Amino acid sequence: MASSEEIISLFDQYVIPNYTRYPVALVRGEGPFVWDAEGKRYVDFFPGWGCNMFGHCPKPVVDAVREQVGRLIHIPNTWYTEEQGTWARLLSERSFGGQAFFCNSGTEANEAAIKLVRLHSPKGRYKIITFLGAFHGRTMGSISATGQPKYHHGLEPLLPGFTYVPHGDLEAVKNAIDDETAAIMIEPIQGEGGVRIPTREFLQGLRDLCDDNGLLLVFDEVQTGCGRTGEWFAYQYFGVEPDIMTLAKTICSGVAAGAMLARKEIAPSLRPGMHAATFGGNPLAAAAGIATIRMVENEHLLDKAKAIGARFKERLTEMAGTLDIIQDVRVAGAMIGVQLRVPGAFMVENCMKRGLLINCTQGNVIRLLPAVTTPLELVDEALDIIEEELRKA
Ligand SMILES: *Cc1c(COP(=O)(O)O)cnc(C)c1O
């Protein structure tokens, strides 16, 4: 087997260097652990950037994919498949009873939502209000929706029609609405933006503004959806229902897929000829998606997300009491942000050396999206490492 060094030299020669990578090649994953090419084991508190919320290679999903891959990998959307129909039903029954469009990633799900908003809205209404600090993906529509100028530099002109307002500021949203506004689009909890958890009142305020002004409410649940908060979807965590919801990351336990769900009255506006995805809803992804939903319910993983979140919250709040370096702790189920008073990159490096993988976003927010199946003793051990490293600093 190739060493990390050999694998890195392949990348140096042949892979476009558009990512900043750590000098480690990973070769295997199981539950909360991954191993590198040298056999070193890591506890993964950021598995697959949140995609592997049920741990690496969960057996029911691996089994379902293995079975499906030998029977039918892909057929296009000019035909019906039971797998896609069942997958849509399972998602619809667990959310607001809408219909699904399937694609392959979060950004694609948001592109579908942007198109659906434009297709459904009365002529002349095309503007979408989004939020500063938001992250909606990297394709041109989604990056235009993303209210972070640092991601726009050099890509202009962006797709017109997005108005960014401060997160949590209902008055600013109200003032941004005009005759051309069609929708408000928001992550119920900003993920990449630093695990920013709004109040229920704010999200309800957006719902009311949409109802009063005839706008659509779009929730980007690519990071918060499919159990992350301890509910199937974050809109249920807050008790505020959107008209359109986008999903990806955890939806298939790490197999690439995305989905958009839309209320039944709205969904048909995405009419034939106006949108498509060649691989969208393919039998392989559908098998993984179905197996994921059944596993979550059979193994009570929503409860596990709540339990793991409670443990993190307890320990981190305790830490914040004795460690001045911690400015704020934000936890919603298995979605965890620890805002530091100093840049946090050193923590990622130091924890990695000690066999723990974490993330830092927005410069100073330690972000953890652990697998909900991580044993609590392992959570405690890993939190000891984080505490020691913070204390040293
Ligand atoms: C990761 C993410 C996306 C983009 O998903 P991709 O699958 O990388 O295209 C969009 N929205 C949110 C909230 C995300 O966290």
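The values are calculated or read from the model by the stated rules, or taken from the named source; none is laboratory data. Computed from a prediction, not measured in an experiment: that's the story for all the values here. Please note: Cβ atoms are built from the backbone with ideal geometry, for glycine as well, and neighbour counts cover all protein chains shown. These accessible areas exclude ligands, DNA and RNA; they are computed on the full protein's heavy atoms, side chains included. Shrake-Rupley method; radii C 1.70, N 1.55, O 1.52, S 1.80 Å.
In a reduced charge model with +1 at each Lys and Arg Cβ and -1 at each Asp and Glu Cβ, the chain shows a dipole moment near 460 debye about its Cα centre. In segment 41-101, Rg over Rh equals 1.06, where Rg is the alpha-carbon radius of gyration and Rh the Kirkwood radius from pairwise Cα distances. Taking the Cα centre of segment 131-283 as origin and assigning +1 to Lys and Arg Cβ atoms and -1 to Asp and Glu Cβ atoms, the resulting dipole is close to 640 debye.
Compute the accessible area per residue over the chain, keeping the other protein chains in place, probe 1.4 Å, unit Å². Write down the numbers at each step before the final one.
Values: 17530 Å² over 393 residues.
For the chain, the per-residue accessible area is 45 Å².
Cβ under 12 Å from GLU111's Cβ, GLU111 left aside: what net charge do those residues give with Lys, Arg +1 and Asp, Glu -1? My count for the surroundings of GLU111 gives +1.
What translational diffusion coefficient, in µm²/s and rounded to a whole number, does the Stokes-Einstein relation yield for segment 207-366 at 10 °C and a viscosity of 1.306 mPa s, taking the hydrodynamic radius as the Kirkwood radius over Cα pairs? Don't skip to the answer; put the middle values down first.
Values: Rh = 18.3 Å.
Translational D for this selection: 87 µm²/s.
Carbon-plus-sulfur fraction of the accessible area of segment 72-298, 1.4 Å probe, in percent?
Working: 4830 of 8880 Å².
The C+S portion of the solvent-accessible surface of segment 72-298 is 54 percent.
Taken one residue at a time, the phi angles of segment 244-258 give Karplus couplings (6.51, -1.76, 1.60, θ = phi - 60°) of 9, 9, 10, 9, 6, 4, 7, 4, 10, 6, x, 6, 5, 5, x Hz. Gly and Pro are set to x.
Rg and Dmax over the alpha-carbon atoms of segment 64-180 stand at 18.1, 55 Å. If you take the Cα centroid of segment 297-372 and the Cα centroid of segment 280-296, the two points sit 28 Å apart. Computed on segment 72-298, with alpha-carbon pairs under 8 angstrom and 6+ residues apart, the relative contact order is 29 percent. Amide H contacts for LEU132 (H built 1.01 Å from N in the peptide plane; partners 5 or more residues away or on another chain; cut-off under 5 Å): VAL165, HIS167.
Add -39500 (n - 2.57) for each DSSP H run of 4 or more in the chain, then divide by its residues: what number comes out at 222 nm, to the nearest 500 deg cm²/dmol?
That comes out to -11500 deg cm²/dmol.
So what does log10 I(q)/I(0) come out to for segment 1-44 at q = 0.14, 0.21, 0.24, 0.31 Å⁻¹, using the Debye formula with one equal point on every Cα and no solvent? Debye output, listed in q order: -0.36, -0.72, -0.86, -1.08. Taking Lys and Arg as +1 and Asp and Glu as -1, the other residues whose beta-carbon sits under 15 Å from that of ILE143 total -4. For VAL69, the shell of other residues with beta-carbons less than 13 Å away shows a net charge of -1, using +1 for Lys and Arg and -1 for Asp and Glu.
Database remark: amide H of ARG138 closer than 5 angstrom to the amide H of THR107 (H placed geometrically; neighbours at sequence offset of 5 or more, or on other chains; Pro and chain starts carry no H).
Show me the helices of the chain, taken as full DSSP H stretches, that run 27 Å or more along their long axis by Cα and average 1.6 or above in Kyte-Doolittle hydropathy.
Numbers: long enough: 301-322 (32 Å, -0.25).
Answer set is empty.
Note that the chain shows a convex hull volume over its alpha carbon atoms of 150 Å³ per residue. Across the options ALA286, ASN213, VAL240, the greatest Cα extent toward the positive end of the charge dipole of segment 72-298 (unit charges at beta carbon of Lys, Arg, Asp, Glu) belongs to ALA286. Bridging of LYS353 to lysines at a Cα separation below 27 Å is possible for LYS40, LYS249, LYS313, LYS392, once same-chain residues fewer than 8 apart are set aside.
Counting every alpha-carbon pair across segment 72-298, the share separated by more than 29 Å comes to 22%.
Taking the Cα centre of each part, how many Å lie between segment 91-169 and segment 379-393? Taking the Cα centre of each part, segment 91-169 and segment 379-393 sit 37 Å apart. For segment 22-28, putting each phi into the Karplus relation 6.51 cos²θ - 1.76 cosθ + 1.60 with θ = phi - 60° gives couplings of 7, x, 9, 9, 9, 10, 7 Hz, in residue order, rounded to whole numbers and with x for Gly and Pro. With θ taken as phi - 60° and the Karplus curve 6.51 cos²θ - 1.76 cosθ + 1.60 applied, the whole-hertz 3J(HN,Hα) list for segment 49-58 is 6, x, 5, 8, 5, 10, x, 6, 6, x Hz, x standing for glycine and proline. Simple rule: put +1 on each Lys or Arg Cβ and -1 on each Asp or Glu Cβ in segment 72-298, find the dipole, and look at THR146, ASN110, GLY133; the Cα lying farthest toward the positive end is ASN110. In summary, the aspartates and glutamates within cross-link reach of LYS59, defined as a Cα separation below 13 angstrom excluding same-chain residues under 8 places away, comprise GLU30, GLU67, GLU299. Each of the peptides 376-382, 239-245 was scored by the mean count of other Cβ atoms within 10 Å over its residues; in descending order, highest first, they stand as 239-245, 376-382.
When only Cα pairs under 8 Å and 6 or more residues apart are kept, what is the percent relative contact order across the chain? If you can, show how the numbers build up before the last one.
On the way: 779 pairs, mean separation 84.5, N = 393.
Worked out over the chain, it gives 21 percent.
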